[in-house]
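Worksheet for the structure shown next.
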Amino acid sequence: MAEDVAGPAPSDAAPPSGGSGGSGSRAGRNLPLAIGVALLMGAVIIVALLTVRQAWIAIVAVSAVIGTWEVFGALNRAAGIRLSRVPVLIGGQAMIWLSWPFGTEGILASLLVTVLGCFVWRMRLGAAGFVRDVGASMLVLVWIPLCMAFGAMLVVPPDGTGRVLTFLIIVVCSDTGGYAAGVLFGKHPMAPKVSPKKSWEGLAGSMVLGAAGASLSIMWLLGSTWWYGLILGPVLVCTAVIGDLVESLIKRDLGIKDMGQTIPGHGGLMERLDSLVTSAPVAWLLLFLLIPPMT
């Protein structure tokens with residue numbers, strides 16, 4: 001998530017100069033509202049997983065549409081990029097929904113068809129800017145719906161509820177541990193040219209709480225060996241931080257504060273999804289290798 005996965009203050013939108021960016025701080029927003037919305041979103045997900053777990057796929061699909069639309073809008077407004085909206089939105093949904101019955105084969109087939117669709121869709125506008133526009137469309141396609149399709153596949157096995165909750169708990173622990181440690185101890189910037197308020201101390205907090213959350217989740221939710229969490233936790237913390245920094249870089253490059261204004265108190269939905277998106281494929285793969293799905 002964009003909310004200080006490893007940093008001393010909840011802000012990714014500091015000025016491009018690398019300053020502290022007080023006006024861009026998440027703390028300048030309505031923090032109680034942001035927390036309330038986050039809790040509500042979490043409650044909806046938990047209820048869905050504990051009732052009809054396949055509803056998670058619908059949640060992922062809707063989130064992918066909103067996130068993709070936000071990024072497309074930001075790229076178009078800030079950089080005038082003409083994107084293949086229709087092929088990416090339709091193809092992204094195909095990847096997510098076909099991952100349920102067909103697994104990785106369904107994702108790959110949908111991806112290939114969508115790539116061809118992006119080429120054809122953009123051809124009608126001529127050669128000027130073709131590489132830039134198609135490249136941006138591919139970036140969004142791979143970054144959001146493709147990664148999220150692997151997140152959807154987490155719920156398919158019989159123990160899918162535990163897998164999804166383990167994935168979510170680790171990323172939330174990473175976010176929380178990074179924020180707390182960064183606020184209390186953060187002094188050494190981790191990536192000053194990307195996100196000046198991210199610190200090494202915050203990253204350490206993410207690692208500690210992420211590993212703890214992973215170990216407990218694997219033991220209690222998946223009934224497996226606790227020390228697997230010492231592998232899964234730190235790896236997902238790294239992917240979460242990468243996702244956070246990637247979104248920060250894109251926003252800085254475009255000169256914007258948020259991708260959108262979808263969620264009250266948070267900005268765009270991508271402010272919530274950035275760490276989850278990049279962590280989903282790795283979570284699916286590592287859980288598959290460490291804890292093979294029950295039959």
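The values are calculated or read from the model by the stated rules, or taken from the named source; none is laboratory data. The structure displayed is predicted, hence computed values, not measured ones. Here the Cβ positions follow ideal geometry from the backbone for every residue, glycine too, while neighbour counts run over all protein chains shown.
Filtering the range 90-137 to residues that are not charged (D, E, K, R) and not in a helix (DSSP H, G or I) leaves Leu125, Gly126, Ala127, Ala128, Gly129.
Comparison of Phe167, Phe150, Phe130 shows that the only residue that is aromatic (Phe, Trp, Tyr) and farther than 18 Å from Ser279 by Cβ is Phe130. For the range 65-79, indicate whether the set of residues that are over 20 Å from the mean Cα position of the chain (by Cα) and under 15 Å from Met138 (Cα atoms) is non-empty. Scanning the range 65-79, I find at least one residue that is over 20 Å from the mean Cα position of the chain (by Cα) and under 15 Å from Met138 (Cα atoms), so the answer is yes. Taken over the range 138-180, the residue count meeting the criterion of being over 21 Å from Ala43 (Cβ atoms) and touching a residue at least 40 places away in the same chain (Cβ under 8 Å) is 15.
Contact annotation: residue pairs with Cβ atoms under 6 Å, 6 or more positions apart or on different chains, pairing a residue in the range 83-102 that is closer than 26 Å to Gly129 by Cα and assigned by TED's automatic domain parsing to the domain that holds Val65 with a partner that is in a helix (DSSP H, G or I) and of a type in the set (D, E, K, R), are Ser84/Arg122. For Trp200, the conditions (1) surrounded by 21 or more Cβ atoms within 10 Å (Cβ to Cβ); (2) touching a His at 6+ places or on another chain (Cβ under 9 Å); (3) not small (Gly, Ala, Ser) all hold with the exception of (1). Any residue in the range 248-257 that is part of a loop (DSSP other than H, G, I, E, B) and either of a type in the set (Lys, Arg) or not assigned by TED's automatic domain parsing to the domain that holds Trp200 (or both)? Yes, the range 248-257 contains a residue that is part of a loop (DSSP other than H, G, I, E, B) and either of a type in the set (Lys, Arg) or not assigned by TED's automatic domain parsing to the domain that holds Trp200 (or both). Applying the condition of being in contact with a helix residue (DSSP H, G or I) (Cβ under 6 Å, 6 or more places away or on another chain) and not β-branched (Val, Ile, Thr) to the range 64-73 and asking which residue is surrounded by the fewest Cβ atoms within 10 Å (Cβ to Cβ) yields Phe72.
The residues of the range 210-234 that are among the polar types (S, T, N, Q) and in a helix (DSSP H, G or I), listed by number, are Ser215, Ser217.
In this entry, Ser199 passes the filter for residues that are among the hydroxyl-bearing types (Ser, Thr, Tyr) and in contact with a strand residue (DSSP E or B) (Cβ under 6 Å, 6 or more places away or on another chain).
Restricting the range 58-84 to residues that are farther than 17 Å from Arg272 by Cβ and in contact with a Ser or Thr (Cβ under 8 Å, 6 or more places away or on another chain) leaves a set whose member that is modelled with the highest pLDDT is Ser84. Looking at this structure, is Ala212 under 14 Å from Val237 (Cβ atoms), more than 18 Å from the chain's Cα centre (by Cα), hydrophobic (A, V, I, L, M, F, W, C) and buried (at least 21 other Cβ atoms within 10 Å of the Cβ)? No; evaluated as a whole, the condition is false for this residue. All but one of (1) buried (at least 18 other Cβ atoms within 10 Å of the Cβ); (2) of a type outside the set (Gly, Ala, Ser); (3) more than 30 Å from Gly255 (Cβ to Cβ) hold for Trp121; which doesn't? Failed condition: (3).
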